[in-house]
1. List the pairs whose first member sits in segment 28-39 and is within 13 Å of Val58 (Cβ to Cβ) and β-branched (Val, Ile, Thr), whose second member is part of a loop (DSSP other than H, G, I, E, B) and modelled with pLDDT of 95 or more, and whose Cβ atoms are under 7 Å apart, counting only residues at least 6 apart or on separate chains?
2. Report the residue count in segment 81-110 for those that are of a type in the set (A, V, I, L, M), farther than 18 Å from Gly41 by Cα and crowded, with 19+ Cβ neighbours inside 10 Å.
3. Just checking, which of Arg188, Arg150, Arg138 is within 20 Å of His64 (Cβ to Cβ) and either among the β-branched types (Val, Ile, Thr) or under 19 Å from the mean Cα position of the chain (by Cα) (or both)?
4. Which of the residues spanning segment 69-125 are in a loop (DSSP other than H, G, I, E, B), out of contact with any Lys or Arg (no Cβ under 9 Å at 6 or more places or on another chain), over 22 Å from Pro27 (Cα atoms) and not charged (D, E, K, R)?
5. Hey, can you tell me all the residues within segment 162-174 that are within 18 Å of Pro42 (Cβ to Cβ) and loosely packed, with under 14 Cβ neighbours inside 10 Å?
6. Looking only at residues that are surrounded by 12 or more Cβ atoms within 10 Å (Cβ to Cβ) and of a type in the set (D, E, K, R) in segment 111-145, which one is nearest to Ile23 (Cα to Cα)?
7. If a residue has to be among the basic types (Lys, Arg) and either modelled with pLDDT of 95 or more or part of a helix (DSSP H, G or I) (or both) to count, how many in segment 150-194 make the cut?
8. Being touching a Lys or Arg at 6+ places or on another chain (Cβ under 6 Å), surrounded by fewer than 23 Cβ atoms within 10 Å (Cβ to Cβ) and not basic (Lys, Arg) is the requirement here; does Glu14 meet it?
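The values are calculated or read from the model by the stated rules, or taken from the named source; none is laboratory data. Keep in mind it's a predicted model, so treat the numbers as computed, not measured. Cβ: placed from backbone, ideal geometry, glycine included. Neighbour counts: every protein chain shown.
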Amino acid sequence: MPEGLAAAGAAMAEPLAAAVHAIARAPAKAAAPDAGVLGGGPMGQMIAALLVAEGRTVTLADRHAERRAQAEATGAMSAERLTDHDVVFEAVGRPDAWREAVQACAPGGCVVFVGGCKAGDDASLPTRPLHYEELDLRGAFHHSPEEVDRALALLAGKALDWRALAAGPIGLEDLQEALGGGNNGPARKWVVIP
């Protein structure tokens, strides 16, 4: 753990490493300078912030105004829906969001599916953009030890303000209630002190 990085900040390394991995699965900035992020939860916020730091034009779409405002605070634009992006990162994890991500991608673009759907789910995707517009579809799951090291370095170097995504701290006895509170409002990761 890098010196000077708070324990709560280091705990953000795991999801941030998954965001680092997702971006590595996408075309480089030169090939895809305009990125869309579908979903403004913690993962979508992290992906958007990292893409902005790369110098890409980034639009984050989410139905919650608070999450759109969070993305804007990191330098991204926001919208309720995405359209015609070189690369689209799906960070919701529902079959309807997978379909929406495909429809939001520009011809010849790439969709990176970051949000994992529930076991047994199937996604119905439109065939026209896949075939005639030659979209590239890629999955992104988990991370490598090197990506965790990169995430820790980013957190220590203040490339991502983890405090903007932190909620709590809370104890273990409050965790069930906190997680049962729903996904409304700003995107947050709970800091739990056992």
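1. Qualifying pairs under 7 Å: Val37/Ala91.
2. Of the residues in segment 81-110, 3 are of a type in the set (A, V, I, L, M), farther than 18 Å from Gly41 by Cα and crowded, with 19+ Cβ neighbours inside 10 Å.
3. Selected residue: Arg188, the only one of Arg188, Arg150, Arg138 that is within 20 Å of His64 (Cβ to Cβ) and either among the β-branched types (Val, Ile, Thr) or under 19 Å from the mean Cα position of the chain (by Cα) (or both).
4. Hits for segment 69-125 are Ala119, Gly120.
5. Within segment 162-174, Arg163, Pro169 qualify.
6. Applying the filter and picking the extreme gives Arg138.
7. Residues in segment 150-194 being among the basic types (Lys, Arg) and either modelled with pLDDT of 95 or more or part of a helix (DSSP H, G or I) (or both): 2 in total.
8. No; evaluated as a whole, the condition is false for this residue.
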